Every structure is written in structure tokens, then in C-alpha cells.
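**Student:** Pasting in a structure now, in C-alpha cells, and then I'll have a few things to ask.
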Amino acid sequence: MYAFDFVKPSSIDGAAEALQEEEAMALGGGQTLIPSMKQRLAAPSVLVSLGGIAEMRGVCIADDGAVCIGGATPHAVVAAEAAASYPALAALAGGIGDPAVRNRGTIGGSLANNDPSACYPAAALGSGATIVTNTRKIAADDYFEGMFTTALEPGEIITEVRFPVPQAANYQKFLQPASRFALTGVFVAKYADGVRVAVTGASEGGVFRWSEAEAALSADFSPAAVEGLTVSPEGMIGDLHGTPAYRANLVKVLTKRAVAAAG
Amino acid sequence: MTKVSMTVNGRSMSGDIEGRTLLVDFLRQGLGLTGTHVGCDTSQCGACVVHVDGKAVKSCTVFAADVAGAEVTTIEGMGNPDGSLGVIQQAFQDHHGLQCGFCTPGMVMSAAALLAENPKPTEAEIRHYLEGNICRCTGYHNIVKAIMAASGQDVSAVAAE
């Protein structure tokens, strides 16, 4: 990979300042960015590690009951520390990559990258989470703008993600066993004001909400409620692992499984 | 070049690195600890697994500068002080948990991380935990047996067929 200057500030303000440099990039756990840099798909001039900012690590419960996760919190910590407060989210975090990847990769890094097959975008969108940055708060519905594209401005740092805790939720990941990403994944969450269904790994536009299923499940939270629905393969990802039609079918299958598992 | 210091296998070590120096390259080329292997260099295979502050990580996908000051344990730190094999290493030998041996350093480090958080894992838990460690020789059965044995459990039921 190309050479760069490495800095590791200990405060959010320090990181924000370092990211003002021309072609500076933030480094979370590096589990996507470092391989990308090896392939020269990314070539920052300055790499700003967020791993030294203590206030951006850890899981806590807000006064309104939401689960708050620091942007630099590794997946393994979320899997352990959110298990009691938001089991479906913890299970999702515990299924990302493999144990060594989960010890480095962070929630902020995953959401900032917005890989179209990543797991966390489904949890954030499916939970109606709030993405908190060093400058503002962004609703998940406004945050995801397509494959590898988000509402983040250059240099903006995800400091925290707030998840309202649902009455019931489940994430079903159809594993692509080579990459360990989701071939397709569906996150279903039932809240007092309705059901949210977020799909990852399927659309060329990245994570999306399946609104027809949300309406059907809000009226009747059972697998049978989505039986009569169909998902169009138009705009779905097609690759050697699965055709658009295959993925479209998986969306429905996994939604039913998630509803059944959520109870 | 900047100077980096960390504790490796209980000893304070330092060396000159670039920002882009990977932890595995610092260990192998900077410190001469060549027991940690680079297999795929894409964070898939797990041959490069070491512990950073007690957690298993893929050292090909961590910058050395990012773990400055950390406690790092490599395969060289897994033996007994008298130079004999540690419990997990001995179990790998006893149960023929390796053939070519290339993946073995990462396997042993992942096994140690597993047993630290789950001292008596089931066979299924061991297989699940090793999903980020790829072995192309053994078919995994003997690796799983070795880890069962290292945890003090009966191995006779593991992949007996």
C-alpha cells in the first residue's frame, strides 16, 4: 500500500481536526479499510485512528431506554455488552466476520463504509437508529444513500449510534461463506408504533426497508402475513453467488424466518 | 519512520516503523518473531492471529502503530518457560492437529483465545470459533480434538468416523 502519516488522537475534537487534512481518512478497526488500502482502492495521505478515543467505546443505556453504542466499539464488545438489553442486535454483532475480525471491526466503521452486504446497516435501519456524529444527529432513514454512500460529510465522525429497543426483533443472515458477509440478510423489529423490516445484501442500492412487509406485519406479526407478498428482482444484486431472482426470493424467506424467530 | 514500543510475550520491545507497517511485518521483520505466518494477507485465513491485550486479532490487518503500548502475545509466547510445548501446542502434537503446520500458529492462538473465554467449549463451539482460521491439510477434525483435549475434555466422541 502507499505510504501515509498515521495519527491517533485521544479526543473527538483532535480527530476532527486531523481529518481536516487533505485526503485524510478515519480508521475504525480497519477490517475493510486496510484490505482496501492494500489493493490501493484507498490511498489516504493521513490515516486518523479513532481507536484511542476512550469516550467513543462501550455500550450504555440512555435515559429513554435506547441502547447507545460508541462509534469505535468493536463487534465483539457489542455482542457481549448488548446481549441483555438488545439481544437481536447483540446476535447480529456476534455473527459478523469471525472472532478475530469482531475484536477489531467497529460499528462506526461498518456504518460509515455502508457495504451493501454488511450486517450493521440492516440493524440501524431496521431499528430506526440515530447516527450521532461529532456535528449532528442523523436518523437512519436519512443516513443510507446507496451502495458505499452515506449522509456523512467528509471528515465527519460517527461518535455514537442509538438504538431504540423493540418489543421483539430478529436478524436472519444467509451467509456467503467465503466473505462471511450476508448473501442476503433481513432485520425485523416490532415496535409499539409498527414493524420495521430492513434488508441488506440484496439491492444494488444498498440497505433498504421492505415497506409492503412492514405494513403487513404491523397488522399481523406472523410469517403468514408476508406469504402473499412478492419482491421484485429488479435492481437486485446479481453475481456468481446468486441471481437477482434468487436474492428477491431470499428477502421473503428470511423475513418469514425472522418473524418466526422473533415470536 | 517513527519509533513504536509494545510488550511482546512479556518483554518490552521497540522498533522503527512506517505508518503503513502492519503488525505482522513488525513482528516478523522488525522483531524476528517469524512464528506468526502470513497466509492470505487479506484477513481471511487466520494464520497471522496473535493476541493484542488478550484478544485474538489478525495481525495482517492491524497497523503496528495502532497497537503501540499494547500487550501482544504471539506463538513464541505459548511455550512453557523451560522451552517445552505449552498445553495447547502439546495437544496439537498428541492429536496430530497439523500436517504442513502453516496454519498452526494461528490455530493455536485462536484456540487459546477461545479457551480463555470458554474453558470447556463443546465441539460445535470450537468449530464455530475457528471459522476465521483456514487449514487446507487436516480437515479440522484433529484440530478440534486437540482443542478438546487441551481443555481437559474427552475427545473420543469428536468426529469419530
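**Student:** Go through A:Gly51, A:Gly71, A:Gly97, A:Gly108 for me and flag whichever is out of contact with any Lys or Arg (no Cβ under 9 Å at 6 or more places or on another chain), in the same structural domain as A:Ser36 (by TED's automatic domain parsing), surrounded by 17 or more Cβ atoms within 10 Å (Cβ to Cβ) and closer than 23 Å to B:Val52 by Cβ. Break it down stepwise before answering.
**Tutor:** Details: A:Gly51 fails: out of contact with any Lys or Arg (no Cβ under 9 Å at 6 or more places or on another chain); A:Gly71 fails: out of contact with any Lys or Arg (no Cβ under 9 Å at 6 or more places or on another chain); A:Gly97 fails: out of contact with any Lys or Arg (no Cβ under 9 Å at 6 or more places or on another chain).
Being out of contact with any Lys or Arg (no Cβ under 9 Å at 6 or more places or on another chain), in the same structural domain as A:Ser36 (by TED's automatic domain parsing), surrounded by 17 or more Cβ atoms within 10 Å (Cβ to Cβ) and closer than 23 Å to B:Val52 by Cβ holds for just one of A:Gly51, A:Gly71, A:Gly97, A:Gly108, which is A:Gly108.
**Student:** State the number of residues belonging to the range A:104-134 that are of a type in the set (S, T, N, Q) and in contact with an Asp or Glu (Cβ under 6 Å, 6 or more places away or on another chain). Walk me through it before giving the result.
**Tutor:** If we filter the range A:104-134 for residues that are of a type in the set (S, T, N, Q), which is where we start, we get A:106, A:110, A:113-114, A:117, A:127, A:130, A:133-134.
Of the ones still in play, those that are also in contact with an Asp or Glu (Cβ under 6 Å, 6 or more places away or on another chain) are A:133.
So the count comes out to 1.
**Student:** If you don't mind, there's one more thing I want to ask. One residue is enough: does the range A:192-206 have a residue meeting the conditions more than 27 Å from A:Ile131 (Cβ to Cβ), assigned to a loop (DSSP other than H, G, I, E, B) and not small (Gly, Ala, Ser)? Steps first, answer last, please.
**Tutor:** Quick first cut of the range A:192-206, residues more than 27 Å from A:Ile131 (Cβ to Cβ) only: none.
No; the residues of the range A:192-206 include none that is more than 27 Å from A:Ile131 (Cβ to Cβ), assigned to a loop (DSSP other than H, G, I, E, B) and not small (Gly, Ala, Ser).
**Student:** Which of (1) touching a residue at least 12 places away in the same chain (Cβ under 8 Å); (2) within 14 Å of chain A (Cβ to nearest Cβ); (3) polar (S, T, N, Q) does B:Asn118 not meet, given it meets every other one?
**Tutor:** For B:Asn118, the exception is condition (1).
**Student:** I'm trying to understand the selection: among the residues of the range B:22-46, which are under 21 Å from A:Tyr2 (Cβ atoms) and at the interface with another protein chain (Cβ under 9 Å from one of its Cβ atoms)?
**Tutor:** If the condition is that a residue be under 21 Å from A:Tyr2 (Cβ atoms) and at the interface with another protein chain (Cβ under 9 Å from one of its Cβ atoms), then B:Leu22, B:Asp41, B:Thr42, B:Ser43 are the ones that fit.
**Student:** Within the range A:6-108, considering only strands (runs of 3 or more DSSP E) that don't extend past its boundaries, which have at least 3 residues that are within 19 Å of A:Val132 (Cα to Cα), touching a residue at least 40 places away in the same chain (Cβ under 8 Å) and within 11 Å of chain B (Cβ to nearest Cβ)?
**Tutor:** Numbers: elements: A:24-27, A:46-49, A:59-61, A:67-70.
Of the strands (runs of 3 or more DSSP E) lying wholly inside the range A:6-108, none has at least 3 residues that are within 19 Å of A:Val132 (Cα to Cα), touching a residue at least 40 places away in the same chain (Cβ under 8 Å) and within 11 Å of chain B (Cβ to nearest Cβ).
**Student:** Go through (1) among the acidic types (Asp, Glu); (2) out of contact with any strand residue (DSSP E or B) (no Cβ under 8 Å at 6 or more places or on another chain); (3) buried (at least 22 other Cβ atoms within 10 Å of the Cβ) for B:Glu131 and report which single condition fails.
**Tutor:** (3)
**Student:** I would also like to ask the following. With the requirement that a residue be surrounded by fewer than 22 Cβ atoms within 10 Å (Cβ to Cβ), within 11 Å of chain A (Cβ to nearest Cβ), of a type in the set (D, E, K, R) and more than 11 Å from the chain's Cα centre (by Cα), what does the range B:47-97 give you?
**Tutor:** B:Asp53
**Student:** Filter the range A:153-203 down to the residues that are within 14 Å of the chain's Cα centre (by Cα), over 25 Å from A:Gly238 (Cβ atoms) and of a type in the set (A, V, I, L, M, F, W, C) and list them by number.
**Tutor:** Residues satisfying the conditions are A:Ile158, A:Val161, A:Phe163.
**Student:** Now a separate question. Of the numbered conditions (1) within 13 Å of chain A (Cβ to nearest Cβ); (2) surrounded by 14 or more Cβ atoms within 10 Å (Cβ to Cβ); (3) not basic (Lys, Arg), B:Met13 fails exactly one; give the number of that condition.
**Tutor:** Exception for B:Met13: condition (1).
**Student:** Which one of A:Val67, A:Val7, A:Val46 is at pLDDT 95 or above and within 17 Å of the chain's Cα centre (by Cα)? Don't jump to the end; show me each part of the working.
**Tutor:** Values: A:Val7 fails: within 17 Å of the chain's Cα centre (by Cα); A:Val46 fails: within 17 Å of the chain's Cα centre (by Cα).
One residue alone meets the criteria, A:Val67.
**Student:** Sticking with this one: Which residue pairs have Cβ atoms under 9 Å apart, sit 6 or more places apart or on different chains, and have a first residue in the range B:129-153 that is within 13 Å of another protein chain (Cβ to nearest Cβ) and a second that is crowded, with 22+ Cβ neighbours inside 10 Å and of a type in the set (S, T, N, Q)?
**Tutor:** Listed pairs, sorted by first residue: B:Tyr129/B:Ser110; B:Leu130/B:Ser110; B:Gly132/B:Ser43; B:Gly132/B:Ser110; B:Asn133/B:Ser110.
The values are calculated or read from the model by the stated rules, or taken from the named source; none is laboratory data. Keep in mind it's a predicted model, so treat the numbers as computed, not measured. For neighbour counting, all protein chains shown are included, and Cβ atoms are generated from backbone atoms with ideal geometry for every residue, glycine included.
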